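The values are calculated or read from the model by the stated rules, or taken from the named source; none is laboratory data. Bear in mind the structure is a predicted one, so any value in this text is a computation, not a measurement. Here Cβ is always computed from backbone atoms with ideal geometry, including for glycine, and neighbour counts include all displayed protein chains. These accessible areas exclude ligands, DNA and RNA; they are computed on the full protein's heavy atoms, side chains included. Shrake-Rupley method; radii C 1.70, N 1.55, O 1.52, S 1.80 Å.
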Amino acid sequence: MQIIYQRAIAYGLLALASIVIGASGHMQTVPPIEALLWTMGSVLLASGLLVLLASFDRGRTHAWLRLDWFVPSLRKRTGGYPIAHSLLGRIFRRVAPASLQSNHGTKQRGPVRVWLRRLGLSWLSSPVRRGVQGVCLMLFLGLFFVVCWPYSAHPPEHGRMSTGWVFVGLDQATGEFELRSSGSPSSVEHDIDDTAGAVGEPWMPRTGDRVFVFNAAIADAVEAKIGQFTLAHMDGSHAKLLSIEELTPELMNAFLIGSSKFDLSETDIAAWPSHYADNLISKEFVPAEIFLVIDPLVSLSTAIASRSWVWSLLCAAIILVVCVLIPRGFCGYLCPLGTTIDLFDWAIAGRFKRFRVADDGWWVHIKYYLLAGTLIAALGGVLVSGFVSAIPVITRALLFVVDPLQNGVARGWHLVPALNLGHALSIGMFALVLGLGFLRPRFWCKYVCPSGAVFSLGNLLRVTERKVESSCINCNKCVEICPFDAIKPDFTTRTTDCTLCQSCGGVCPTHAIKFVERWNVVELKIAGVPPTNETPLGRRGFLSLAAGTSAAVIGGTSLAAATKVFGANLDDSTAPRPVRPPGSVPEQEFLQMCIRCGECFKACPNNVLQPEGFLQGLEGLWTPYANTNWAGCESSCNACGQVCPTGAIRALPLEEKRVARMGLAIVNETTCLPYAGKEACDLCVQECNAAGYHAIEYTQVGTHMDDHGLPIEGSGFLAPVVLDDKCVGCGLCQTRCFAINVKNKHLLEASAIIVEAGSGKEDRLMHGSYLELRISEQVATSQDADDTSDSFYVPEINSPDLPTESQRQFEDDDPFGIGPTH
């Protein structure tokens, strides 16, 4: 009867969970309410599943929630089935061939036990935990080194083109443009920069196809593009095109006064590239930043420091809920840093015993004091969790230690940026984290990690825990194998430290350990035998608590104050301002939200984004800035915002990213070669036009005059002029000038065109659209121009179809757009 009640409750919890989760997906709610609904739904779902599984329990004592998935020690059969509380164990005995199973009559280990024992005692006792650890570590490495690896992206190949078409006329009734071939249309494999291409088999589009039409007389694909059309009718050498876009005077004008020849293309060769963005999306089977967003200290400290809602709080809430059911399960199962420390301890630190310290020193509560100091600093507006949180620590270590090796081997060592003092500091900190293993195995995880401290506090709300039954014989095997120092001298549990790794359950010779609901008191051993000598305040007493708390408060407050005094100094307009990634929030909020994880560096092609050193003191250390001497920001990439776990870099679609100003290119007229009268140079103009921005134009400088005051032909140079309303600060111009004129030809000491950030030179929005911002600027400019002239020029925003082309507005009484321009 009790099993019937148990299953009824389980089905009720599952039904309620589906209602709550469904409501969170359909209700238009603010993020905190949505997060609360998701959290409640996750709790109900997990609870229902656990209660349902526990209803199939065949353990020695009854439990409402049984989480036994360890492999019990091999015991001789005394009648009936051997004692096994694990549902997985019973399934294995039913499904696996007898040849793989152990002999409980003779206590002879089966092949599976033998293989697991060779891997290690912890593998034998808790293979589920070790397996999950291995999968999570491989997933973490795959997301970092494969998904975030940008160099598997390649520009898409352009489709076929049919050339040699002539405009015949416009059907006024249907709006169809009629074209005919001027002979035999040919097929060309087109490339944006090679309009000649290679002639292949003739290609003829069919009725119903969508094609792009280009003016064959214009070499530049952007300027040559007329529009996208549907082939309403195709009959050999005749075609009728129906415009997909609005039929405008400008569109008709393109055919009427265009060249005598037009090309039809399968693809839009004038479109903005998007291969880096598409490549990241295609590889992200799970979000690349998933491990960062489930580290609760990352989200919590960021939200406190920036006084804002951080979307990753939802993910952190869900993992904390899971850890209520599997106490501190993140540390025992999911954390890749913990698994890395395990490997280091096994391979190196565990072989040296001379440095070992006791397990009852002052250091056992460092993680709580470090957590308190981190949150106090966040209250002061200073984010330091990225220095000590588990996932940022290992992510940054992989970035500074392993990523240069991957880049050097795969792409060439000359493409690896040089290390600086900030790199060395980060590498040293990671070495310290691993080196603590010489003191005790997993010393960092046990005593130091503030992310672990968050989960330890979450254990106070646990609904399941480790229990020891009265059959315990005080053999001490559980204490010896416990990786988190979570077992007291009387063999009961330090509940804030236990991760439910279940290694202890697998080595218990009497099967006295079970993992059940917190309120289970069936056949438990007597606590305090043998005596633990531990006070209610913990193992170390009141003095340790008082001293540690004082240190945390003083340390956190002092760190916040010192960082502000010797930090970025944003109130000083003359202080240096690094060029931030496109979509970065305002600088003050950026410094409070960036956790210095390094994920954006890894996803950025060509290492445009590099870690800042001490330019802004400790406050700016390891934050991303665009080193435009090294490379420029790719117009086809928006990866930095997509992988940012806290929203310090907003996740922008490409259309938004392309108009978000990182900075403004400034020409140094004293060193620029044309301005200085040294030689002609238009490297920056070429690079800007090739990228599709067209934000740099020419002006004539240095022209000599004859005796009559007339310019002498051939004198002077064409010099670059940056159009402020079009420049997005991508830095491609600076990269080209630095690479050619500084490094290659040694004509300059520094690039003559430099991207600068600061007030009026960049867009830094917490919310809102960059496209709308550009449009509002155009409207304001148009209104100003309209006050002084009858017609005006409106620069068009960068869009996928017409990225930089300027269009003129014509009078309404000029139907074909052939009116006068100014």
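For the reader, a short list of remarks on this structure follows.
- 3J(HN,Hα) along segment 111-121, derived from phi through the Karplus expression 6.51 cos²θ - 1.76 cosθ + 1.60 where θ = phi - 60°, amounts to x, 5, 4, 5, 5, 5, 5, 5, 6, x, 5 Hz, with x in place of Gly and Pro.
- Amide H contacts under 5 Å for TYR625, placed H, 5+ residues apart: GLN610, GLU612
- Once the Cα atoms are used to define both axes, helix 296-306 deviates from the longest principal axis of the chain by about 50 degrees.
- Our summary gives the chain a relative contact order of 12 percent, counting only alpha carbon pairs under 8 angstrom and 6 or more residues apart.
- Residues with amide H under 5 Å from that of ARG661, placed H, sequence gap 5 or more: ASP763
- Distances between placed amide hydrogens fall under 5 Å for GLY227 paired with VAL213, all partners being 5 or more residues away or on another chain.
- In the chain, the calculated helix contribution to ellipticity at 222 nm averages -10500 deg cm²/dmol per residue, counting -39,500 (n - 2.57) for every DSSP H run with n ≥ 4.
- Per-residue SASA entry for ARG518, accessible area with 1.4 Å probe, Å² rounded to 10: 90 Å²
- Projected area averaged over orientations for segment 614-683, convex hull of C-alpha atoms, nm²: 6.9 nm²
- Computed from Cα positions, the angle between helix 336-347 and the longest principal axis of the chain comes to roughly 60 degrees.
- A Förster radius of 56 Å combined with the Cβ-Cβ distance from LEU88 to GLU250 puts the calculated FRET efficiency at roughly 0.20.
- Label-to-label distance, nm, for residues given as ASN474 and HIS233 (7 Å Cα→Cβ offset): 10.1 nm
- Pairwise centroid distance, computed over Cα atoms, of segment 704-775 with segment 491-512, Å: 66 Å
- Each residue of segment 501-515 was assigned a 3J(HN,Hα) from its phi angle through the Karplus expression (A = 6.51, B = -1.76, C = 1.60, θ = phi - 60°), giving 5, 6, 4, 5, x, x, 9, 5, x, 10, 6, 8, 9, 9, 10 Hz with x at Gly and Pro.
- Nearest-0.05 FRET efficiency for HIS767 and GLU223, computed from C-beta distance (R0 22 Å): 0.05
- Extension gain from THR207 to TYR698, taking 0.36 nm per residue of separation minus the Cα-Cα distance: 172.3 nm
- The chain - accessible surface per residue (Å², probe 1.4 Å): 46 Å²
- Rounded to the nearest 20 debye, dipole of the chain from Cβ charges on Lys, Arg, Asp, Glu: 8920 debye
- Within the set (i) 239; (ii) 166; (iii) 196, the number that volume of the Cα convex hull per residue in Å³ takes when calculated for this structure is listed as (i).
- Förster radius 51 Å - calculated FRET efficiency between ARG518 and VAL416 (Cβ-Cβ, nearest 0.05): 0.45
- Remark: segment 41-47, residue by residue, has Karplus-estimated 3J(HN,Hα) of x, 5, 4, 5, 5, 5, 5 Hz, where x stands for each Gly or Pro and the curve is 6.51 cos²θ - 1.76 cosθ + 1.60 at θ = phi - 60°.
- Expressed as a whole percent, the accessible area of the chain that falls on carbon and sulfur atoms is 61 (1.4 Å probe).
- Helix 2-26 vs. the chain, principal-axis angle (Cα, 0 to 90°, nearest 10): 20 degrees
- A full extension of the chain between ARG7 and VAL779 corresponds to an added length of 271.4 nm, given 0.36 nm per residue minus the alpha carbon distance.
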